[in-house]
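S.K.: Below you will find the structure I want to go over with you.
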Amino acid sequence: MSVQEEVLRLENVNVSYGSHVVLQDINLAVEEHDFLGIIGPNGGGKSTLLKVILGLVKPYSGLVRVLGNTPEKSRSRIGYVPQTSNYDHGFPASVQDVVMMGRYSRAGLLRYYNATDRAVVRQALQEVGMLEHASTQIGQLSGGQQQRVLIARALVSEPSLLLLDEPTASIDTTMQTEFYELLEHLKKQMTIIMVSHDIGAVSVFVDKIACLNQRLFYHGSREVSPEVLEATYKCPVQLIAHGNVPHRVLREH
């Protein structure tokens with residue numbers, strides 16, 4: 001069995017905005033080709049954690065290593081898909097234009113995009129099932145289609161680590177399964193960390209789950225106990241069991 005390389009390590013990371021503590025004593029290790037889902041309540045620090053990994057937020061203490069280096073030095077190897085797209089219908093950019101923006105870190109300042117860049121863009125659009133919409137104005141797409149385009153934009157930087165912040169928030173429920181299947185395919189090429197509030201969906205599709213509410217609860221598996229959920233959400237939580245027929249699992253009162 002081959003040994004997987006470590007993609008991300010956080011040790012005793014603490015972040016605050018003024019006097020408000022956002023992340024407290026965070027410890028996390030993620031290996032290559034992991035698909036990690038991070039769940040937790042609004043305001044629990046999930047988006048801030050992604051910004052720490054990107055190097056956009058600096059902890060006041062602790063160690064952050066991404067792909068063996070500092071976040072800033074590794075940023076060109078990190079793909080990022082933000083929480084929402086919602087492009088204006090009149091936004092004058094095609095799908096291909098938006099995805100090409102993801103090649104900026106590779107193209108560099110004052111360099112024109114070349115045939116290689118265009119080929120990479122076409123390949124990424126094909127991979128997410130959006131090549132036929134390459135010339136479509138981005139604002140004319142559905143929320144789910146726009147989210148696929150944003151993934152393609154992240155893919156053209158040829159990342160080793162893909163970060164997604166609530167990627168299904170603007171996606172119709174019927175399209176979410178296809179979206180998660182796309183991520184399952186991409187996992188073969190890179191490590192994925194996805195922030196989500198959807199406990200049920202995350203528990204089905206990801207390999208490992210972490211719970212975050214200022215503090216991080218993580219045991220390197222997809223199993224999450226009711227005790228951990230209650231510690232994260234600070235209240236009793238109903239669990240959803242996914243079998244042939246999804247059903248609620250209620251604790252005895």
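S.K.: Could you pull out every one of the lysines with an alpha carbon less than 24 Å from that of LYS208, ignoring same-chain neighbours closer than 8 positions?
M.R.: LYS46, LYS51, LYS187, LYS188, LYS234
S.K.: Related question: Counting only protein heavy atoms and a 1.4 Å probe, tell me what percentage of the range 115-164's accessible area is made up of carbon and sulfur.
M.R.: Of the solvent-accessible surface of the range 115-164, carbon and sulfur hold 40 percent.
S.K.: Return one whole number: the accessible area per residue of the range 1-97 in Å², for a 1.4 Å probe.
M.R.: Numbers: 4970 Å² over 97 residues.
Accessible area per residue: 51 Å².
S.K.: Name the residues whose placed amide hydrogens come within less than 5 Å of the amide hydrogen of VAL81, ignoring near sequence neighbours (fewer than 5 apart) on the same chain.
M.R.: Answer set, sorted by chain and number: LEU163, LEU164, ASP165.
S.K.: Per residue of the range 7-24, in order, report the coupling 6.51 cos²θ - 1.76 cosθ + 1.60 (Karplus, θ = phi - 60°) as ³J(HN,Hα) in whole Hz, putting x for Gly and Pro.
M.R.: Values, residue by residue: 9, 9, 9, 10, 10, 6, 7, 10, 9, 9, 10, x, 8, 8, 7, 9, 10, 10 Hz.
S.K.: Order of 38-49, 154-165 by packing, highest average Cβ count within 10 Å first?
M.R.: Top to bottom by mean Cβ count within 10 Å: 154-165, 38-49.
S.K.: Just how many % of Cα pairs in the range 1-93 lie over 20 Å apart, if you round to the nearest whole percent? Working shown, then result.
M.R.: Details: 1879 of 4278 pairs.
Counting every Cα pair in the range 1-93, those more than 20 Å apart make up 44 percent.
The values are calculated or read from the model by the stated rules, or taken from the named source; none is laboratory data. Just so it is clear, the model here is predicted, and its values are computed rather than measured. Heads up, the Cβs are rebuilt from the backbone with ideal geometry, glycines too, and the neighbour counts pull from every protein chain shown. To get the accessible areas, we keep the full protein, side chains included, count just its heavy atoms, and leave off ligands, DNA and RNA. Shrake-Rupley method; radii C 1.70, N 1.55, O 1.52, S 1.80 Å.
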